[in-house]
Amino acid sequence: MAEYSIRDSVAIIQLDNAPVNALSVAVRTGLYDGIERAAGDGSVKAVVVCGKGGNFCAGADIKEFDEGSKGPWITEIGDFMDRMRKPVVAAIEGVALGGGLEVALFCHYRIAAKNARVGQPEVNIGLIPGGGGTVRLPRAAGFKQALEMIVTGNPVRAERALKMGVLDEVVSGNILEAGIKFALSKAHIDTSLACLRNRPVRMDGLNIDTKADAALAHVKSKYKGFEAPMFCVKAVVNAARVPYDDAIQKEREYFFELRTSGQSQALRYAFFAERQIARWGLPGGGDYRTARAIPVRSVGVVGAGTMGAGIALCIITSGLPCVLLEQNQEFLEKGVTSLRGQLMGTVRLGKMTAGEAEVCLSRLKPSTSMEDLKHVDMVIEAVFEDLKLKREVFERLDKTCKPETILCTNTSTLDIDSVATATGRPDKVVGTHFFAPSYLMKLLENIYGSRTSPETVATVMRFGKTIRKVPVLVGSCTGFVANRMLAPYTAEAQFCVEEGASPAQVDSVLMDFGMPMGTFRVSDLSGIDVSFSIRREAARKLGVTLTVDSRYFRGQRHCSLIERLVEKGRLGRKTGKGWYKYEGPGGTVPLEDPDVLEIIETHCRALGIERRNVGSHEIQERMQLAMINEGFKILEEGICTRAEEIDVIWLYGFGWPRYLGGPMFYASKLGLKRVFEKICTFHKRFPHSQHWVPSVLLGKLSESGLPLSKWGEAAGTSRL
Ligand code: NAI
């Protein structure tokens with residue numbers, strides 16, 4: 001709703017919908033009524049629109065999007081304001097985003113507090129601004145700057161918005177007082193002069209025809225697969241080309257077209273899923289509502305290798321001091337050099353100044369003495385993936401660190417309990433699984449063990465946010481969630497290659513679908529020897545030796561192409577050849593290699609595998625459905641509590657296209673009945689792959705018609 005009051009002949013309309021005054025039907029109606037009332041009240045000379053609780057307005061109420069349109073639309077309220085003779089002033093503090101900025105752009109004037117930020121972030125949920133933003137912002141900020149704001153969705157600070165022409169004044173002190181004063185100072189000025197409707201789009205010397213084509217081409221390549229940025233360009237270009245009312249009409253058409261599109265639904269889902277994951281709970285009790293995080297003021301990282309150096313960099317760039325520990329001076333120097341190199345990379349990209357980088361480095365304390373970890377609040381262990389070594393490290397950490405220190409392991413495969421039991425504080429041991437490259441990848445998979453306390457979980461969940469990651473809490477099992485789902489996905493890719501596809505064909509299917517990289521390119525990037533060692537180690541533990549001729553492993557279908565590539569020294573990019581060939585060792589451009597195709601042919605002839613034409617559709621279905629089936633098993637076992645957690649893991653861990661929501665959302669759109677039937681068919685066709693055994697939960701859900709938001713509950717393992 002909106003509160004109406006009068007002071008000093010100025011009507012004050014205060015938007016009121018905690019926490020951020022989202023423009024619900026009630027707020028829009030309240031605003032419209034307030035404006036009408038002020039227009040008709042002879043004692044009112046001017047109007048101030050402001051927000052309650054420190055924010056102007058954060059935009060539309062997204063939850064109402066699926067309910068159709070009710071109440072007055074922003075442009076209807078705006079049209080009324082356009083006709084007002086009394087000046088309407090938007091007094092902005094906090095944020096004016098999306099519909100909030102659009103309301104402000106309909107006001108005759110806009111003033112803002114220094115802390116304010118304004119923006120049109122609709123593109124992030126697959127939309128364009130639909131309340132006049134694409135038509136009015138270019139009239140205030142000029143074509144180029146408005147286009148940038150609308151296409152990127154990035155908000156701008158008050159001072160910049162003032163320079164751009166979006167604001168008329170930036171003020172300090174009480175925003176409402178300033179608003180009233182400003183409004184009275186404009187009471188005698190003809191409002192039509194200040195009305196954005198009456199101004200042309202500022203082109204600042206740009207030619208709309210050449211600019212339009214360039215902008216479309218740029219957006220098409222930068223936001224590959226996303227439809228909303230293209231529509232943003234089209235709408236802003238249109239605003240520069242056609243009369244105001246026609247542009248508003250077109251904007252509305254585009255907006256409604258996008259609102260019902262699959263992409264916007266998926267992006268809205270992803271938006272809410274990211275908020276859902278903060279609501280964690282432990283099977284033994286304790287959840288985000290009751291557990292208190294302990295303050296983390298300093299961190300230690302053990303192991304300055306590939307992962308540790310990047311993790312330490314995340315810590316120091318978020319303002320926390322970090323002790324980086326290595327086993328000897330040589331490895332320590334290597335680690336610090338790598339960290340510096342990554343930091344300088346961000347300076348080169350203009351994301352940080354050289355001075356800021358130096359400040360970050362001053363927070364780093366490289367060390368070879370465990371004594372330096374005595375007083376830190378948290379330690380993240382990132383030594384080799386070797387249980388014996390990790391247990392030794394944890395035993396020493398337990399003895400050295402103060403009793404409250406939380407001990408985290410970055411293990412990618414080991415059970416958390418197997419590490420925790422090396423200490424006398426298993427309640428303070430937890431998994432913090434970063435993804436490579438650890439400085440850049442946003443996902444942080446936090447894994448609780450059977451004795452991890454709620455406080456420890458609360459601490460790592462908050463820590464994840466502090467270092468600007470996306471933390472998701474999961475239970476402990478082989479591969480946790482991300483790698484467990486990745487296993488059948490990559491296995492199917494290799495089986496498809498054995499059966500007749502080429503690595504390049506598989507990769508292009510995945511990239512056409514929207515994945516940033518194909519699985520074979522990723523394998524070359526991270527090193528084929530890495531998967532080789534993991535497989536060999538798993539086999540060794542079972543007393544089995546994997547050879548180039550192994551077709552089965554533990555009774556399961558197995559593809560030994562990796563063993564063949566390693567045998568030939570094809571370890572990936574680092575050796576200049578792997579599934580592809582490169583311009584040389586360390587090369588980055590993958591080229592199809594006839595030698596690899598020959599290796600595959602020889603492999604198949606030797607094992608009697610008949611090759612055939614494997615179609616793109618089959619590749620996509622097999623890889624995705626095998627992984628989705630695993631996702632349902634993960635839910636069924638309570639490793640995750642809701643499908644949203646799995647989807648966020650895929651969005652941030654593997655770059656699943658956000659406009660497709662995530663694999664579980666994607667499955668919901670395919671229809672669970674169809675998904676289940678397909679998986680059953682594949683199970684019959686490939687009986688030697690455990691990953692095709694259909695999930696019991698999926699079977700149940702395929703009959704129930706329950707929406708995705710209820711799948712966790714249906715699994716019976718949901719704790720919240
Ligand atoms: P790495 O081999 O690059 O680095 C490990 C470092 O630990 C080495 O520099 C080594 O000198 C150091 N180290 C060994 N013992 C030590 C000790 N007692 N005290 C101090 N430092 C010691 O290994 P990487 O790839 O960084 O992996 C580390 C951990 O992260 C492993 O548990 C791995 O499974 C996990 N991980 C690795 C990912 C990857 O893509 N490389 C992804 C996610 C997790």
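What follows is calculated from the coordinates using simple rules that are stated; it is not laboratory data. Since the model is a prediction, treat every value here as computed from it, not as a measurement. Positions of Cβ are backbone-derived with ideal geometry, glycine not excepted, and every protein chain shown enters the neighbour counts.
Values as computed for the structure displayed
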quantity: Projected area averaged over orientations for segment 618-719, convex hull of C-alpha atoms, nm²; calculated: 6.1 nm²
quantity: Cα gyration tensor, segment 296-355 - rounded (a/c under 1.5), prolate or oblate; calculated: oblate
quantity: Inter-site label distance for Arg612 and Leu670 at 7 Å from Cα along Cβ, in nm; calculated: 2.0 nm
quantity: Amide hydrogen neighbours beyond the local backbone of Val470, cut-off 5 Å, H modeled; calculated: Leu443, Leu444
quantity: Spin-label model distance (nm) - Arg37 vs Asp549, 7 Å beyond Cα toward Cβ; calculated: 8.8 nm
quantity: Residues of type lysines that Lys234 reaches as a straight line, Cα spacing below 18 Å, ignoring anything fewer than 8 places off in the same chain; calculated: Lys144, Lys211, Lys220, Lys222, Lys224, Lys250
quantity: Sequence-distant lysines (8 or more away, or on other chains) whose Cα lies within less than 28 Å of Lys710; calculated: Lys63, Lys70, Lys442, Lys465, Lys469, Lys633, Lys669, Lys673, Lys678, Lys700
quantity: Tilt relative to the chain, helix 143-152 - C-alpha long axis, 0 to 90 degrees, to 10; calculated: 40 degrees
quantity: Residues whose placed amide H lies under 5 Å from that of Ile6, excluding near-sequence neighbours; calculated: Ile12
quantity: Those lysines that a straight Cα-Cα span of less than 25 Å connects to Lys399, excepting residues fewer than 8 apart in one chain; calculated: Lys365, Lys374, Lys388, Lys390, Lys428
quantity: Net length gained if the chain between Arg685 and Asn154 were fully extended (0.36 nm per residue, minus Cα distance); calculated: 186.3 nm
quantity: ³J(HN,Hα), Karplus 6.51/-1.76/1.60, whole Hz, each residue of segment 437-453, x for Gly, Pro; calculated: x, 5, 6, 9, 6, 7, 6, 10, 8, 8, 10, 8, x, 5, 10, 4, 7
quantity: 0 to 90° range, to nearest 10: angle between helix 616-636 axis and the chain longest Cα axis; calculated: 90 degrees
quantity: Under-5 Å amide H pairs with Lys365, H placed in peptide plane, nonlocal only; calculated: Cys322, Val323, Leu324
quantity: Helix 643-653 axis, angle to the chain major axis (alpha carbon atoms, nearest 10°); calculated: 80 degrees
quantity: Vicinal HN-Hα couplings computed from phi for segment 385-392 (Karplus, 6.51 cos²θ - 1.76 cosθ + 1.60; Hz; Gly/Pro x); calculated: 6, 9, 4, 4, 5, 4, 4, 4
quantity: Of all DSSP beta bridges in segment 357-494, antiparallel share, percent nearest 5; calculated: 30 percent
quantity: Segment 299-478 shape via C-alpha gyration tensor axes, a/c threshold 1.5; calculated: prolate
quantity: Convex hull of the chain built on C-alpha atoms - directionally averaged projected area, nm²; calculated: 33.7 nm²
quantity: Per-residue HN-Hα couplings for segment 39-49 [Karplus 6.51, -1.76, 1.60; θ = phi - 60°; Hz; x = Gly/Pro]; calculated: 5, x, 8, x, 7, 8, 9, 7, 10, 10, 9
quantity: Exposure proxy ranking, count of Cβ atoms within 10 Å, fewest first, for Met515, Met623, Met352; calculated: Met352, Met515, Met623
quantity: Selected from Gly431, Cys322, Thr452, residue furthest toward positive end of dipole (segment 299-478; charges at beta carbon); calculated: Cys322
quantity: Förster radius 25 Å - calculated FRET efficiency between Thr421 and Arg279 (Cβ-Cβ, nearest 0.05); calculated: 0.30
quantity: Separation of the Ser718 and Ile534 label points, Cα + 7 Å toward Cβ, nm; calculated: 3.1 nm
